[in-house]
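Read the structure below first, then the notes.
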Amino acid sequence: MFASFAGVWTPLLHLRELRRGPRAVTLAGERLVVFRPPGADVAVLLDRCPHRGAALSLGRVTPQGCIECPFHGWQFDARGRNRHVPLDPDARLSRLSAQALPARVVGDLVWVYTDPSAEAPAEPVVAEGLRAASLARTYVQREWRCHWTRAMENMLDSPHLPFVHRRTIGKAMARQMTAASRMDVRWEATPWGGRASATLDGRDGGAYLEFHRPNVMALHIPVPGRHLRIHALVIPAEPGRTRLIICQSRDFARSRWLNPLFSWMNRRIADEDRAVVESIGSDEVPAAAQQRSVATDRATLQFRKYYFESLRGSASQPRSAG
């Protein structure tokens, strides 16, 4: 389960997607059902009933907070425990559980731990811009036809800004650089991943980005005395398909009437990246030795190192029933 993406906390979806009941989501090739039991934060189960394999996401949430299978009405609570088998009062419910995964609500997002066979070792470490209640946040979601590692690497890549984003966030850099310009990229390891910053011809504009393992980037945009971040949440769905959530957080311009403007800007930037990344193909990033790299690739090479040492080839096992 969760091939090459096991044993990690990952963002899954925005809470607003649960307003109309259970939601089916594919994560690293596994179909999940996400629902909100009354009086509880969130529940995430594998989206198949242990009885005949029907999709639980086609069912309903009962007043008791269980999800009911649409096929035979079996009911499962937030921990996957079977609470009722209709028409069979002698059924041994403890042997008829569904598969649950550890899940949390942090900020506006549902987070899930990709190993149902064990308790999550800790709470998810979430970037400030995604969790602080004092901040305004604007979300945009896109789907890219690529392996998630390609999209994640793109989010950590500074040298592409004056080329891919020459009309948007890379405009100033494109104007400043010359044929003889030099970019120096620095990487600092952190407990949650790493921090990358870059200078152009010795000038530091003050921006930097953080990599939060396994799949979140937070770009710190320098605005004196203000908080402004753009986050990229890169979520593997199926082979060759990645869900991308872009979140902008800020402590100014809080009016919800401004959200359409911020959404338009973030969609435009993400779509500039999309065409280039999709042109590479749907395979995962290769090991560093299989491609030619230069000094400005320092941050992306650190991501490849993490992926190949910690994620690639990983898999989790279902938790045994009872």
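Name the residue, out of 203, 150, that is surrounded by 13 or more Cβ atoms within 10 Å (Cβ to Cβ) and not hydrophobic (A, V, I, L, M, F, W, C). It would help to see each step written out before you state the result.
Details: 203 fails: surrounded by 13 or more Cβ atoms within 10 Å (Cβ to Cβ).
That would be 150, the only listed residue that is surrounded by 13 or more Cβ atoms within 10 Å (Cβ to Cβ) and not hydrophobic (A, V, I, L, M, F, W, C).
Does residue 300 satisfy the criteria of being in a helix (DSSP H, G or I), surrounded by 15 or more Cβ atoms within 10 Å (Cβ to Cβ) and within 22 Å of the chain's Cα centre (by Cα)? Lay out the reasoning, then the answer.
Values: in a helix (DSSP H, G or I): yes; surrounded by 15 or more Cβ atoms within 10 Å (Cβ to Cβ): yes; within 22 Å of the chain's Cα centre (by Cα): yes.
Yes, satisfied.
Rundown of residues vs (1) in the same structural domain as residue 34 (by TED's automatic domain parsing); (2) surrounded by fewer than 17 Cβ atoms within 10 Å (Cβ to Cβ), yes/no style:
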residue	(1), (2)
91	yes, yes
114	yes, no
138	no, no
157	no, no
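Sort out which residues of segment 222-241 are in a loop (DSSP other than H, G, I, E, B) and in contact with a Lys or Arg (Cβ under 9 Å, 6 or more places away or on another chain), and write them in order of number. Spell out how you get there, then give the answer.
Going through segment 222-241, the residues in a loop (DSSP other than H, G, I, E, B) turn out to be 222-227, 239-240.
Scanning segment 222-241 gives 223, 226, 227, 240.
How many residues does segment 197-221 contain that are over 16 Å from residue 139 (Cα atoms), among the β-branched types (Val, Ile, Thr) and out of contact with any Lys or Arg (no Cβ under 9 Å at 6 or more places or on another chain)?
Of the residues in that region, 0 qualify.
For segment 36-62: of the residues being surrounded by 22 or more Cβ atoms within 10 Å (Cβ to Cβ) and touching a residue at least 40 places away in the same chain (Cβ under 8 Å), which is nearest to residue 95 (Cα to Cα)? Give the steps one after another, and end with the answer.
Applying the first criterion (surrounded by 22 or more Cβ atoms within 10 Å (Cβ to Cβ)) to segment 36-62 yields 43-45, 47, 49, 56, 59.
Within this subset, residues satisfying the condition of being touching a residue at least 40 places away in the same chain (Cβ under 8 Å) are 43-45, 49, 56.
Numbers: 43: 20, 44: 19, 45: 16, 49: 13, 56: 18 Å.
Within segment 36-62, the match that is nearest to residue 95 (Cα to Cα) is 49.
Scan segment 168-177 residue by residue and report those that are without any contact (Cβ under 8 Å) to a residue 12 or more places away in the chain and in a loop (DSSP other than H, G, I, E, B).
Selection gives 170 alone.
Would you mind telling me which numbered condition in (1) closer than 24 Å to residue 216 by Cβ; (2) in contact (Cβ under 8 Å) with a residue 60 or more places away in the chain; (3) small (Gly, Ala, Ser); (4) part of a loop (DSSP other than H, G, I, E, B) residue 196 fails?
Residue 196 satisfies every listed condition except (4).
Residue by residue through segment 242-266, note down the ones that are within 18 Å of residue 168 (Cα to Cα) and assigned to a strand (DSSP E or B).
Hits for segment 242-266 are 246, 247, 248.
Determine whether segment 171-178 contains at least one residue that is farther than 30 Å from residue 319 by Cβ, modelled with pLDDT under 95 and buried (at least 20 other Cβ atoms within 10 Å of the Cβ).
yes
Which one is farthest from the chain's Cα centre (by Cα) among residues in segment 63-80 that are surrounded by fewer than 17 Cβ atoms within 10 Å (Cβ to Cβ) and at negative phi?
Filtering segment 63-80 for residues surrounded by fewer than 17 Cβ atoms within 10 Å (Cβ to Cβ) gives 63-64, 70-73, 79.
Retained after the next criterion (residues that are at negative phi): 63-64, 70-72, 79.
On the way: 63: 30, 64: 30, 70: 29, 71: 31, 72: 34, 79: 23 Å.
The residue in question is 72.
If residue 295 passes every condition in (1) farther than 21 Å from residue 146 by Cα; (2) hydrophobic (A, V, I, L, M, F, W, C); (3) touching a residue at least 40 places away in the same chain (Cβ under 8 Å); (4) surrounded by 15 or more Cβ atoms within 10 Å (Cβ to Cβ) but one, which one does it miss?
Of the numbered conditions (1) farther than 21 Å from residue 146 by Cα; (2) hydrophobic (A, V, I, L, M, F, W, C); (3) touching a residue at least 40 places away in the same chain (Cβ under 8 Å); (4) surrounded by 15 or more Cβ atoms within 10 Å (Cβ to Cβ), the odd one out for residue 295 is (4).
If you take the residues in segment 116-136 that are surrounded by fewer than 20 Cβ atoms within 10 Å (Cβ to Cβ) and not in a loop (DSSP other than H, G, I, E, B), which one is farthest from the chain's Cα centre (by Cα)?
The residue in question is 136.
Looking only at segment 159-176, decide whether some residue is in the same structural domain as residue 275 (by TED's automatic domain parsing), under 25 Å from the mean Cα position of the chain (by Cα), under 15 Å from residue 280 (Cβ atoms) and of a type in the set (Ser, Thr, Tyr). Outline the logic, then answer.
Residues of segment 159-176 that are in the same structural domain as residue 275 (by TED's automatic domain parsing), as a first pass: 159-176.
Filter again for under 25 Å from the mean Cα position of the chain (by Cα), leaving 159-161, 164-165, 168-170.
Then keep just the ones that are under 15 Å from residue 280 (Cβ atoms); that gives 160, 164.
Now restrict to residues that are of a type in the set (Ser, Thr, Tyr): none.
Scanning segment 159-176, I find no residue that is in the same structural domain as residue 275 (by TED's automatic domain parsing), under 25 Å from the mean Cα position of the chain (by Cα), under 15 Å from residue 280 (Cβ atoms) and of a type in the set (Ser, Thr, Tyr), so the answer is no.
Given the options 52, 104, 83, 31, name the one that is within 22 Å of residue 232 (Cα to Cα), among the charged types (D, E, K, R) and either part of a strand (DSSP E or B) or over 23 Å from the mean Cα position of the chain (by Cα) (or both). Show your work before the answer.
Numbers: 52 fails: within 22 Å of residue 232 (Cα to Cα); 83 fails: within 22 Å of residue 232 (Cα to Cα); 31 fails: within 22 Å of residue 232 (Cα to Cα).
Of 52, 104, 83, 31, the one residue that is within 22 Å of residue 232 (Cα to Cα), among the charged types (D, E, K, R) and either part of a strand (DSSP E or B) or over 23 Å from the mean Cα position of the chain (by Cα) (or both) is 104.
The values are calculated or read from the model by the stated rules, or taken from the named source; none is laboratory data. Note that the structure is a prediction, hence the values are computed from the model and not measured. Quick reminder, even Gly has a Cβ in these numbers, built from the backbone with ideal geometry, and neighbours come from all protein chains shown.
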